[in-house]
1. Take every Cα pair under 8 Å in region 201-264 that's 6+ residues apart, average their separations, divide by the length, and report that relative contact order as a whole percent.
2. Using Cα springs under 10 Å in a Gaussian network model of the chain, which residue among 42, 74, 129 shows the largest mean-square fluctuation?
3. Past 31 Å, Cα to Cα: identify those pairs from 138/168; 76/287; 76/168; 264/294, in the order given.
4. With labels modelled as points extended 7 Å from the Cα through the Cβ direction, what inter-label distance (nm, one decimal) is found for residue 209 paired with residue 73?
5. Dipole of the chain (Lys/Arg Cβ +1, Asp/Glu Cβ -1, origin at the Cα centre): which of 254, 325, 80 lies farthest to the positive side?
6. Mind running the shape call on the chain? Use the C-alpha gyration tensor, a ≥ b ≥ c as the square roots of the eigenvalues: rounded below 1.5 for a/c, prolate if a/b tops b/c, oblate otherwise.
7. Using the Karplus curve 6.51 cos²θ - 1.76 cosθ + 1.60 with θ = phi - 60°, work out ³J(HN,Hα) for each residue of region 120-125 in order, rounded to whole Hz, and write x for Gly and Pro.
8. Let's see if you can work this out: charge +1 on each Lys and Arg Cβ, -1 on each Asp and Glu Cβ, no other charges. What is the dipole magnitude of the chain about its Cα centre, in debye to the nearest 20?
Amino acid sequence: MLLGFDIVTLVIFIPTFYVTGIFGEDLFINIFLIVIFFVFFIIPHIFLYIFQKSKWTEFNSDTKTIHLGERNKIIKSLNFNQIRHTSISEYTYTVKTKNGSRTITVFTVLGHLEAETLQLAESTNFPEIRSFGETITKILKTSIQNESGKLISYSELDLPIHKRILPKEISESEITFQPDSQITITRTNQESLLKSRYQPKIFVFVAITVSFALTLIIHFVIGSVFDLSIESWKFPPSYFQLVFLIVSLSIGFFPLAYVWWNYKKRKEIRITKDSIYWNDTCYVFQKWEEILLKENKLYIVNDLETKTHSLFFFCLPGDYPIVRNWILIEIGKQSGGNEDLGRF
């Protein structure tokens, strides 16, 4: 909204009034318009400052003190040793829009004290909040609680994937995929292969419906305005009419082409003794720390970067966690078999 007000003021209002010639006619009018433009430009910034309570967290390593503040005021201060451990939580809220509603997921780094919990950082970007969580934990030299409820010491946060101990709920989980996911598993001494031929018909039906509707809207609604649609043709059609037909078909049938491309492309995950391959993209165990799952995305992360791969066209939603569990289990097997011994 703030950006919208600024753009309207700078790009639309001022040039429009300037073209009308109203500037320069009277000094009073010029001053009045400048004041109006300034007020229109500055009011959103004022509202944002008044209603937005910006919060911040400061970690002072010299004094071993954490300051929690709001705007320019320190609300609370505490010592590093008061934080028993940290964790990452999430909550969601729904925002109503013109065409429906949208669910926003917010991730939070929490500091756990003896009798309360404090919010230390917040973001809607999961890789970002994970990085914040690890950085804060290292600064405090404490432990972070993972999704399984286990406390992991700050000294073990940078361990590579193959040297991490798997939680029992993953290592002892049953790897069974639903038949409709069309997933096959092949294992040899050199590698483990997970291959998908997932091609649900509902995606094709939706893509065809959307593509036809989008093509008709583009061609007849937009084309009629500029006399480029088929109903405006006089045979033979003009060069611009043919080009517009090709463009409208290309844009309109993009959803169907996208689904077809995802059906035809290779969908494989390979685990070798030192690497994981997503099709032809290689991730060496030693360089990556964790493989996480949020909604339909796998996050392959370390302290410097995050790579994401969607499972949307890979399998049914119910099999998303099983794919991640299979990857972690096979990494342990291919890299040595015994996760406890593989750490050293």
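1. Values: 50 pairs, mean separation 30.6, N = 64.
Reported relative contact order: 48 percent.
2. 42
3. Values: 138/168 26 Å; 76/287 38 Å; 76/168 39 Å; 264/294 25 Å.
Among 138/168; 76/287; 76/168; 264/294, the Cα-Cα distance tops 31 Å for 76/287; 76/168.
4. 5.3 nm
5. 325
6. On the way: a/c = 3.08, a/b = 1.21, b/c = 2.55.
Here the chain falls in the oblate category.
7. Karplus values, whole Hz, x for Gly and Pro: 9, 7, 8, 6, 8, 9.
8. On the way: 35 positive and 34 negative charges, 123 e Å.
It works out to roughly 580 debye.
None of the figures in this text is laboratory data; all of them are computed from the coordinates on show. Remember, predicted model here, so these are calculated numbers, not experimental data. Positions of Cβ are generated from backbone atoms using ideal geometry, with glycine treated the same way; all protein chains shown enter the neighbour counts.
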